[in-house]
Amino acid sequence: MKHLLTLRLSLIALLAMLALGVKAQSNEQVAAPELEYVMQLKVTLGETYTAGTTQHGDRVVIPITGGTFEGPKLKGTIINGGADYQLGNKQLGRTELEAIYSIKTDDGVYIHVRNRGIICMGQEADGKPAFYFRAAPQFETDVNSKYAWLNNSLFLCAPGFDPQFKGIVLNVWRVK
């Protein structure tokens with residue numbers, strides 16, 4: 001009886017794949033998703049403090065005190081009160097980050113941001129030193145606002161550099 005049920009479920013799955021046009025996995029090269037530039041954030045930071053070495057690693061907290069952001073479809077300020085919560089592993093030269101804060105557009109719409117990422121010092125395959133810093137911000141805003149499109153996409157960010165700015169610069173792209 002159990003064997004018959006498994007056979008029926010397999011047949012249903014096969015018919016569903018055929019109906020949906022699902023192909024078997026192949027080793028063909030597929031095109032990478034396109035990226036669309038969204039904004040640059042210039043984030044001002046407070047004094048870093050640490051909770052020491054915890055059961056999860058070295059916990060560091062960097063307060064977010066303000067800043068600005070600007071892109072083709074939005075512009076505004078970063079609200080004081082968030083923080084970047086980092087968890088470091090010195091042996092691996094790796095830090096996990098989770099920045100939680102809010103931004104406010106010039107037309108008064110609040111957007112909650114949760115940005116998770118990795119910072120890693122390592123080596124390339126050829127032995128050369130490598131620095132990796134990427135994150136994936138998620139945005140949350142009013143579904144009735146003109147910024148609701150932020151709720152329904154995936155985003156990537158990477159650091160930018162501005163020698164005149166004291167803080168961190170992040171460039172953000174939407175995965176199309």
Requested in this report: For the chain, find the longest principal axis of its Cα atoms and tell me its angle to the long axis of helix 2-20, 0 to 90°, nearest 10.
Outcome: 70
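Given a 1.4 Å probe, how much area per residue of the chain is accessible, in Å²?
Values: 12270 Å² over 176 residues.
Counting only protein heavy atoms, the per-residue value for the chain is 70 Å².
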Query - FRET efficiency, residue 32 to residue 146 (Cβ-Cβ, R0 25 Å, nearest 0.05) - result: 0.30
Query raised in the report: Quick one: if the Förster radius is 30 Å, what FRET efficiency do residue 166 and residue 98 give, using the C-beta to C-beta distance and rounding to 0.05?
Result: 0.85
Report summary line: Classified through the alpha carbon gyration tensor (a ≥ b ≥ c as square roots of its eigenvalues; rounded if a/c is under 1.5, else prolate when a/b is larger than b/c, else oblate), segment 125-176 comes out oblate
Requested in this report: Using a 10 Å cut-off on Cβ atoms, rank the peptides 150-163, 73-86 from the highest mean neighbour count down.
Outcome: 73-86, 150-163
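Distance cut-off 19 Å, Cα to Cα: go down the list 42/166; 42/104; 75/176; 42/73; 104/166 and report the pairs above it. Working shown, then result.
On the way: 42/166 9 Å; 42/104 13 Å; 75/176 21 Å; 42/73 16 Å; 104/166 21 Å.
From 42/166; 42/104; 75/176; 42/73; 104/166, over 19 Å: 75/176; 104/166.
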Requested in this report: Return, ordered by residue number, the residues of segment 29-59 whose backbone nitrogen is under 17 Å from a label point located 7 Å along Cα→Cβ of residue 106.
Outcome: 38-42
Query raised in the report: In the set (i) 59; (ii) 36; (iii) 47, which value of percent of Cα pairs over 22 Å apart was calculated from the structure you see?
Result: (i)
**Report entry** Percent accessible area from carbon and sulfur atoms, the chain, protein chains only, probe 1.4 Å
**Finding:** 56
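The values are calculated or read from the model by the stated rules, or taken from the named source; none is laboratory data. Just so it is clear, the model here is predicted, and its values are computed rather than measured. Every residue, glycine as well, gets a Cβ built from its backbone with ideal geometry; the counts of neighbours run over all protein chains shown. Please note that ligands, DNA and RNA were not included when accessible areas were found on the heavy atoms of the full protein model with its side chains. Shrake-Rupley method; radii C 1.70, N 1.55, O 1.52, S 1.80 Å.
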